[in-house]
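See structure below.
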Amino acid sequence: MAQVNLLRALPNPPRNVQKRAAGKTPELLAASRQFGELYFDGPREYGYGGYRYDGRWIPVARDIISHFGLGPGMRVIDVGCAKGFLVGDLMRVCPGLEVFGLDISDYALRACEPGLVGRLHRGSCSDLPFGDHVFDLVISINTIHNLERPGVIRSLQEIVRVTKDQRAFVQVDSYHSEAERALFEEWVLTAKFHDFPEGWYRVFEEAGYRGDWDWTILTQ
């Protein structure tokens, strides 16, 4: 179990936190948490402001494959895969790697690349529709924190259940100071549970999770 920054190759675009905070309403939050077209491809205040493939996940895929020693014939699942960009890039970087995805968003799954049809499944991270220990690696990036704390624990337990030998990686929202927490709370739309690292370690312990992890921390 180790902290590892597997998303270091992703760009870090500027965020207009003040504009986001000023525009947040209960109605906007409810719409964002539907994880539909508004969240992925609507205006920026609802979420991504346009979630389109641009190749940025290729170096992340390389880092994941290197860190976990993945190879052809091994099975990987991306829990919270959205449109499946990382799923596709893991297979591009490592031909023969069997990669699948799961997401709660009907819209995102319909908007996937044609080559991913049949590899992406609809479902919740807290109730994975797979057998025990069927994957060589489970990835879940910025997903499980969209549930309340009991759902987060259940999701981690599900990750443990479906992977082999606790080979997993989760990335979740966190912060190291009150200033970082305030910035995060002004920006966040969908996360329902977040905490300082010490709080996350307690969650990992309660869930019996011993895989790898990292934090998403806003600094601007």
Completion exercise
Reported set for the stretch 87-103 where residues are surrounded by fewer than 23 Cβ atoms within 10 Å (Cβ to Cβ), in contact (Cβ under 8 Å) with a residue 24 or more places away in the chain and under 12 Å from Arg75 (Cα atoms) is Cys94, Gly96, Leu97, Glu98, Phe100
Fill in the blank from the handout: Expected single match for within 25 Å of Leu10 (Cα to Cα), touching a residue at least 12 places away in the same chain (Cβ under 8 Å) and of a type outside the set (Lys, Arg) among Val134, Val138, Val160 is Val138
Practice task
Mind listing whichever residues of the stretch 132-148 are open to solvent by 10 Å² or more (accessible area, probe 1.4 Å) and either under 14 Å from Leu102 (Cα atoms) or in contact with an Asp or Glu (Cβ under 6 Å, 6 or more places away or on another chain) (or both)?
Solution key: Ile141, Asn142, Thr143
Handout entry: Near pairs, Cβ below 9 angstrom, 6+ apart or cross-chain, from the stretch 1-29 (in contact (Cβ under 8 Å) with a residue 40 or more places away in the chain and polar (S, T, N, Q)) to any residue that is open to solvent by less than 60 Å² (accessible area, probe 1.4 Å) and assigned to a helix (DSSP H, G or I)
Key = Gln3/Pro197; Asn5/Asp63
Exercise for the section: Could you tell me which numbered condition Leu38 fails, if it satisfies all but one of (1) in contact (Cβ under 8 Å) with a residue 24 or more places away in the chain; (2) more than 30 Å from Gly131 (Cα to Cα); (3) touching a Phe, Trp or Tyr at 6+ places or on another chain (Cβ under 9 Å); (4) not aromatic (Phe, Trp, Tyr)? Expected result: (1)
Exercise for the section: Test Asp54 against the criterion of being modelled with pLDDT under 95, over 17 Å from the mean Cα position of the chain (by Cα) and either over 24 Å from Val4 (Cα atoms) or surrounded by fewer than 17 Cβ atoms within 10 Å (Cβ to Cβ) (or both), and give yes or no. Expected result: yes
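The values are calculated or read from the model by the stated rules, or taken from the named source; none is laboratory data. These numbers come from a predicted model, not from an experiment. Neighbour counts run over all protein chains shown; Cβ positions are idealised from the backbone, glycine included. These area figures cover heavy atoms from the full protein model, side chains too; ligands, DNA and RNA do not enter into them. Shrake-Rupley method; radii C 1.70, N 1.55, O 1.52, S 1.80 Å.
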